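Colleague: Structure provided below as structure tokens; questions to follow.
Values quoted throughout were computed directly from the atomic coordinates according to the rules given, and no laboratory measurement underlies them. From a predicted model like this one, the values you see are computed outputs, not experimental measurements. Here the Cβ positions follow ideal geometry from the backbone for every residue, glycine too, while neighbour counts run over all protein chains shown.
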Ligand SMILES: [Zn+2]
């Protein structure tokens, strides 16, 4: 079983075994990936998730997370030359949340910038400092099988943002290990020190966006049910700096900083992003009315005006009632 997961881990976006793609060398950067697998196809990832145009879907309920609390399930941490990857052991699974099957977690990894934002997805025009991806395959199938299924892989995406008061984040523990995997090499055992739940502690996992897309690294297979959570994981800024300054990758018999390991935004090509929640409009912000009912996608600012008119009307009615009482 261990070798089974190793195959998945090596074959997903995250292997350094292949030298035919990279992020920052002109000869193999993302603009050269078009000849690799499905990287030139139409329904690719990542995308900019425009909250105003996300469509509420009532069937996107809460997830069921199994063994996310178990620290013994995070086995090793590895610098694979493209990212830092944490291997997840057997028995960690994801279900419900609008998914049609049980998905087994295989690994998670990170994307970051270089003193500039480095998330892969954007949220309403904002790119975050980092992004974390937890990778699962449908019913524990191997990657070859999963790639043939349009929903064979489920990835959970979490934005990572900075807040210097976030000193209790378990991401601190993880970032302290980076020095030991600063260059690509063998996996480092984690010895049951961190659980997935602890890393995700601050995030409201009932508020998320859903769309169908692809792996974000070659071969970019369109087999991914994407879930991107609205609320970020908060970490102190030095955690992000630890990723950008500590990690290296091998190139031409030398090591270079492993930075900017994110794929550029891909066209939406008519895909509809769905949301698990509706947002309450804010009286004070014209950009506040965001997710709308499934039956109506806003085509102009009419909903914002309607909302404002409704609030004014309610206020006048309330004032009239108050006057009558007094
Ligand atoms: Zn990723």
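Colleague: Based on the alpha carbons, how large is the Rg to Rh ratio for the range 2-275 when Rh follows Kirkwood?
Modeller: 0.92
Colleague: With 10 angstrom as the radius, rank 271, 263 by how many other C-beta atoms surround their C-beta, starting from the fewest. Don't skip to the end; give the middle numbers.
Modeller: Working: 271 14, 263 21.
Taking fewest neighbouring Cβ atoms as first place, the list is 271, 263.
Colleague: Rounded if a/c is under 1.5, else prolate if a/b is larger than b/c, else oblate: which is the range 45-138, with a ≥ b ≥ c the root eigenvalues of its Cα gyration tensor?
Modeller: Judged from the Cα gyration tensor, the range 45-138 comes out oblate (a/c at least 1.5, b/c at or above a/b).
Colleague: How far apart, in nm, are the 7 Å Cα→Cβ label points at residue 50 and residue 231?
Modeller: Going from the residue 50 label point to the residue 231 one covers 2.7 nm.
Colleague: FRET efficiency for residue 95 and residue 202, Cβ-Cβ distance as r, R0 = 22 Å, nearest 0.05?
Modeller: Taking R0 as 22 Å, the efficiency between residue 95 and residue 202 is 0.45.
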